[in-house]
Amino acid sequence: PVLTKTQFVHRRNNTEKVRVLLLGHARSGSTLVGHLLQSQPTSFYHFEPLYSYRHKLEALREPPDQSFLKDLLTCSFAGRETYLRMIQNNLGQMSYQFNIQYVNMCRKGEDIRPCFRSATISRFCKKQTFHIIKTIRLSLKNAIEFSRNNPDLDLKIIYLVRDPRAIINSRWYGVASRWCREASICFSLKTFCQNFIEDLEEICNLKFVDKQNFLFLRYEDLVHRSYETTLRIFKFLGFEKLSNETAYFIKKHIQRHPNKSVKKATMWLKSMSVSDVLSVEQQCSGVFNKLQYPQLGKYGYKLNISKTYQELEHSILC
């Protein structure tokens, strides 16, 4: 079931703000999920806003400037001209080119420089009711602390996970390896596993009040059950149905070539050596136990990975 753009309804009311923090590890598929969220017509999307201050990957897990994050989520760009200049001077990072709803309004032809005036961006932002920050530069612990310190935001947190072998394969052998090699926090298997398990333990320790605004999401679910999973995401955010724009995004970017999407999720099977696979499984054993991903070291390569992905639960073992 879908609604047209003009019919799109939030289950509470059309003017109530929905604010989302989408978290994931580098190469977990968070960019795809971010694009999926911002396909909703009333969205205002911040793609990796912490990059301007944390482009060095060593700073990925450091506590954020909470006032900065709150300003973004409340459209308070006055006084943030330095930030706007930084992203304007680094357009290759795509911070606002991905904010499609806004850029389509503010740019003149191919020129997007008018988009970085604080008054212009604030005015449009305040008209939108669905505000999204997507970042790999924030630990779940720091995100939860930010949410607790700002209860007025009623912040929704989506935490995206993906098979550690797929993430490491992308970091070591994919296009990301060029920049990932520059920082041990990205390239180091030990560091990656430690950070991952820290986040998962944080989920296990969530208080009941925090759980109401928290969604655990698997990348594999989005690949194998794209429509069902997207509907689950948007219902968590308070939407009754999917907009035509979001349904079209699913069809074009995920369902159009389903075999390709599934193969991408399991590409690590062909790309990684047996020794690398076993290293990831051993080093990240705690992650595998909590997320219940099947380990080839236990079951062998005859295991149907795609099938087991589809049988995983929407939760973790604590």
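Of all DSSP-defined beta bridges confined to the chain, some 10% are antiparallel rather than parallel.
The lysines whose alpha-carbon is closer than 16 Å to the alpha-carbon of LYS270, local same-chain residues fewer than 8 away aside, are LYS260, LYS302. If you take all other residues with their beta carbon under 10 Å from the beta carbon of PHE116, and give Lys and Arg +1 and Asp and Glu -1, the sum is +2.
Name the helices (complete DSSP H segments) of the chain with a Cα length along the long axis of 18 Å or more and a Kyte-Doolittle mean of at least 0.0, or state none.
Working: long enough: 189-204 (23 Å, 0.10).
Span-like helices, by this rule, are 189-204.
In order along the stretch 182-187, the phi-based Karplus estimate (6.51 cos²θ - 1.76 cosθ + 1.60, θ = phi - 60°) of 3J(HN,Hα) comes to 6, 9, 5, 5, 9, 8 Hz; Gly and Pro are listed as x.
Stretching the chain fully between LYS298 and SER315 yields a gain of 3.9 nm (0.36 nm per residue, less the alpha carbon separation). Each Lys and Arg Cβ is given +1 and each Asp and Glu Cβ -1; about its Cα centre, the chain then shows a dipole of about 840 debye.
Lys and Arg at +1, Asp and Glu at -1: add these up for the other residues within a Cβ distance under 14 Å of ALA166 and post the number.
Details: positive: ARG27, ARG162, ARG165, ARG171, ARG218, LYS263, LYS264, LYS270; negative: ASP163, GLU220, ASP221, ASP276, GLU281.
For residues surrounding ALA166, the net value is +3.
Between PHE196, PHE130, PHE234, the residue with the greatest mean-square fluctuation in the GNM of the chain (Cα pairs under 10 Å linked by springs) is PHE234.
The stretch 216-252 and the stretch 259-318 have Cα centres spaced 23 Å apart.
LYS17: which aspartates and glutamates have alpha carbons under 13 Å from its alpha carbon, excluding same-chain residues fewer than 8 sequence positions away? Cross-link targets: ASP152, ASP154.
Taking the alpha-carbon distance from LYS241 and a cut-off under 14 Å, which aspartates and glutamates remain once sequence neighbours fewer than 8 residues away in the same chain are dropped? In chain and number order, the partners are GLU228. For the stretch 313-318, putting each phi into the Karplus relation 6.51 cos²θ - 1.76 cosθ + 1.60 with θ = phi - 60° gives couplings of 7, 8, 7, 10, 8, 10 Hz, in residue order, rounded to whole numbers and with x for Gly and Pro.
Between the residues ILE197, LEU72, PRO294, the greatest Cα displacement towards the positive end of the dipole of the stretch 2-310, with unit charges on the Cβ of Lys, Arg, Asp and Glu, is found for PRO294. Averaging 1/r across all pairs of distinct Cα atoms in the chain and inverting the result yields a Kirkwood radius of 20.4 Å. In this rough spin-label picture, where each label sits 7 Å from Cα along the Cβ direction, the THR308-ARG181 distance is 3.1 nm. Averaging the sequence gap over all C-alpha pairs within less than 8 Å and six or more residues apart, then dividing by the number of residues, gives the stretch 2-310 a relative contact order of 28 percent. Stretching the chain fully between LYS207 and ARG225 yields a gain of 3.6 nm (0.36 nm per residue, less the alpha carbon separation). Shown for ASP210, ASP221: other C-beta atoms within 10 Å of each C-beta, ranked fewest to most, produce the order ASP210, ASP221. Between amide H atoms placed 1.01 Å from N, distances below 5 Å from GLN97 occur with no residue 5 or more places distant or on a separate chain.
In this calculation the C-beta distance from VAL103 to GLU16 is compared with R0 = 25 Å, giving a FRET efficiency of 0.50.
FYI, it's all coordinate maths here, none of it is from the lab. Computed from a predicted structure; not experimentally measured. Backbone-built Cβ (ideal geometry, glycine too); neighbour counts: all protein chains shown.
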